[in-house]
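*Asks:* Before I ask anything, let me first share the structure, which is written out below as structure tokens.
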Amino acid sequence: MKSQTEPVKLIIKNGWVICPVCGKGKILKINPDTSVHHLPRPCKRCGQETIVNIEAPEPASKETSA
Ligand SMILES: [Zn+2]
């Protein structure tokens, strides 16, 4: 068995996670508040599987007009 692939630095562009292998394939659509934990996503362009790991963003405090 191969050792687990380490999560790579992901490129996020226009709400899409971009394949870090070819840099062109969109592998997962995300929202600003999306959190993904080690989700394997295959790239349709290059066929490489990338582990998507997106931590939940810090909850932003709501703006209140003072
Ligand atoms: Zn790719």
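Every read-out reported here was derived from the displayed coordinates using simple, explicitly stated rules and does not represent laboratory data. This one's a predicted model, so the numbers in the text were calculated from it and none came from an experiment. Cβ coordinates were reconstructed from backbone atoms using ideal geometry, including for glycine residues, and neighbour counts include every protein chain displayed.
*Asks:* Which percent of Cα pairs goes in each bin when the distances of region 11-54 are cut into 10 angstrom slices starting at zero?
*Replies:* 33, 58, 9
*Asks:* Order these by the 10 Å Cβ neighbour count, fewest first: ILE27, ILE11, ILE51, ILE18. All intermediate terms of the calculation are to be shown ahead of the outcome.
*Replies:* On the way: ILE27 23, ILE11 12, ILE51 16, ILE18 19.
Least to most surrounded, the residues fall as ILE11, ILE51, ILE18, ILE27.
*Asks:* Right, here's the next one. Using a basic spin-label model with each label point 7 Å from the Cα along Cα→Cβ, how many nm lie between ASN14 and LYS44?
*Replies:* 1.4
*Asks:* Cross-link partners among lysines for LYS44, C-alpha distance below 25 Å, same-chain residues fewer than 8 apart left out?
*Replies:* Cross-link targets: LYS2, LYS9, LYS13, LYS24, LYS26, LYS29.
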